[in-house]
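Chemist: Dropping a structure here in structure tokens format, bear with me for questions.
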Amino acid sequence: MEPDAIQSLAELFSFGRLIASGLALAMAWLAAQVVAWILRLASARFSRYRLTIGRLFPVMRLLIWGFALYFVIVVIFRPQANSVLALTASAGLAFGLAAQEIVRNILAGIFILFDEPFRVGDMVEVDGHYGEVTSIGIRSTRIHTFDDSTIAVPNGLMMSQAVSNSNSGQIQEMVVIDFTLPALADTATVKAIAAEAAASSPYIYLRRPIEVMVEDRFDRTFLTRFKIKCYVLDVRYERLLASDVLERLKGEILARGILTPEIVLGLMAVEPRTGTA
């Protein structure tokens, strides 16, 4: 590199400019934290609009950091054309050789923010993980599972794999509850009990319909598979709704004597299948 270029780069990255750029980036970080705190308060105060409020933070964070970088480059450093070309070439070479995966995840994160295949607050399943999207970062997306674990999934993986979205930005979500009984059980009575159990749950969203589907199948004996389709008030109560409905259903079936001794003994008398070579 020529001496003039070295001198221009030294002037460009002077101590004063480095301090000013550090302060600008620190202010951007502080602004992002304040915005996140305000949005968390608003989300807790207006829980009905929690998902809408949660979508604002990734976009606002991107705008804050974008403005901060623009301010640092254009206002503080004000580089000359030859310095910009030299710096761009060096940075491009470094990223191309050592940070391909990081660049891929960053670009995927930007695409996710604008394409919106999922949003903060959505219940998604990807790569075997199912839970609520708590944040969409530049590099990764964080998912909070029902096992109280936080999974950081690279954005590149979120873009390259199929993502199942259960609620697509809505606070309510359909919950499907399956259970199986012997085929001799009274189907009409069980359907009525299942619908009543769902409608009685404190987690149910009654403005959407409750449906009970029936399917007969054979597995060593004839069985009837029941499927309750209902909507939960808040996606975070999904498992609580399923547990509550099944508990009410089981108690009512036992109380009404639907599983008679004859049905139970007949089910227990079935010999298990054995495999053949």
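The values are calculated or read from the model by the stated rules, or taken from the named source; none is laboratory data. As the structure is a prediction and not an experimental result, all values here were calculated from the model. Here Cβ is always computed from backbone atoms with ideal geometry, including for glycine, and neighbour counts include all displayed protein chains.
Chemist: Of the conditions (1) over 15 Å from residue 58 (Cβ atoms); (2) modelled with pLDDT of 85 or more, residue 117 clears all except one; give me its number.
Modeler: Among (1) over 15 Å from residue 58 (Cβ atoms); (2) modelled with pLDDT of 85 or more, residue 117 violates only (1).
Chemist: Could we say that residue 209 is touching a Gly at 6+ places or on another chain (Cβ under 9 Å) and not hydroxyl-bearing (Ser, Thr, Tyr) here? Step through it out loud before you land on a result.
Modeler: Numbers: touching a Gly at 6+ places or on another chain (Cβ under 9 Å): no; not hydroxyl-bearing (Ser, Thr, Tyr): yes.
When the stated conditions are applied, residue 209 does not pass them.
Chemist: Out of all the residues in segment 154-173, which are within 10 Å of the chain's Cα centre (by Cα) and assigned to a strand (DSSP E or B)?
Modeler: Across segment 154-173, the qualifying residues are 164, 165.
Chemist: Residues that are at pLDDT below 80, closer than 25 Å to residue 19 by Cβ and not in a helix (DSSP H, G or I): does segment 80-89 have at least one?
Modeler: For segment 80-89, residues at pLDDT below 80, closer than 25 Å to residue 19 by Cβ and not in a helix (DSSP H, G or I): present.
Chemist: Exactly one condition in (1) within 28 Å of residue 124 (Cα to Cα); (2) touching a residue at least 12 places away in the same chain (Cβ under 8 Å); (3) loosely packed, with under 13 Cβ neighbours inside 10 Å is false for residue 216; which is it?
Modeler: (1)
Chemist: Here's another thing I want to ask about it. Considering 225, 239, which residue is surrounded by fewer than 14 Cβ atoms within 10 Å (Cβ to Cβ) and over 30 Å from residue 111 (Cα atoms)?
Modeler: Details: 225 fails: surrounded by fewer than 14 Cβ atoms within 10 Å (Cβ to Cβ).
Residue meeting the stated conditions: 239.
Chemist: Does residue 73 satisfy the condition of being modelled with pLDDT under 80, surrounded by fewer than 13 Cβ atoms within 10 Å (Cβ to Cβ) and assigned to a helix (DSSP H, G or I)? Let's see the steps before the verdict.
Modeler: Details: modelled with pLDDT under 80: yes; surrounded by fewer than 13 Cβ atoms within 10 Å (Cβ to Cβ): no; assigned to a helix (DSSP H, G or I): yes.
No.
Chemist: Right, another one. Which number in (1) closer than 26 Å to residue 210 by Cα; (2) in a strand (DSSP E or B); (3) basic (Lys, Arg) marks the one condition that residue 142 misses?
Modeler: Result: residue 142 fails condition (1) only.
Chemist: Moving on. Restricting to segment 138-181, give me the number of residues that are polar (S, T, N, Q) and over 26 Å from residue 44 (Cα atoms).
Modeler: If we filter segment 138-181 for residues that are polar (S, T, N, Q), which is where we start, we get 140-141, 145, 149-150, 155, 160-161, 164-168, 170, 172, 180.
So of that shortlist, the ones also over 26 Å from residue 44 (Cα atoms) come out as 155, 160-161, 164, 180.
The qualifying residues number 5.
Chemist: Right, next: Taking segment 201-236, which residues are of a type in the set (Ser, Thr, Tyr) and out of contact with any Lys or Arg (no Cβ under 6 Å at 6 or more places or on another chain)?
Modeler: Filtering segment 201-236 down to residues of a type in the set (Ser, Thr, Tyr) leaves 201, 203, 205, 221, 224, 231.
Scanning segment 201-236 gives 201, 203, 205, 221, 224.
Chemist: Name every residue in segment 184-213 that is under 17 Å from residue 256 (Cα atoms) and either hydrophobic (A, V, I, L, M, F, W, C) or free of Cβ contacts under 8 Å to residues at least 24 places away in the same chain (or both), in order of residue number. Outline the logic, then answer.
Modeler: Let us first name the residues in segment 184-213 that are under 17 Å from residue 256 (Cα atoms), namely 184-197.
Answer for segment 184-213, where residues must be under 17 Å from residue 256 (Cα atoms) and either hydrophobic (A, V, I, L, M, F, W, C) or free of Cβ contacts under 8 Å to residues at least 24 places away in the same chain (or both): 184, 185, 188, 190, 192, 193, 194, 195, 197.
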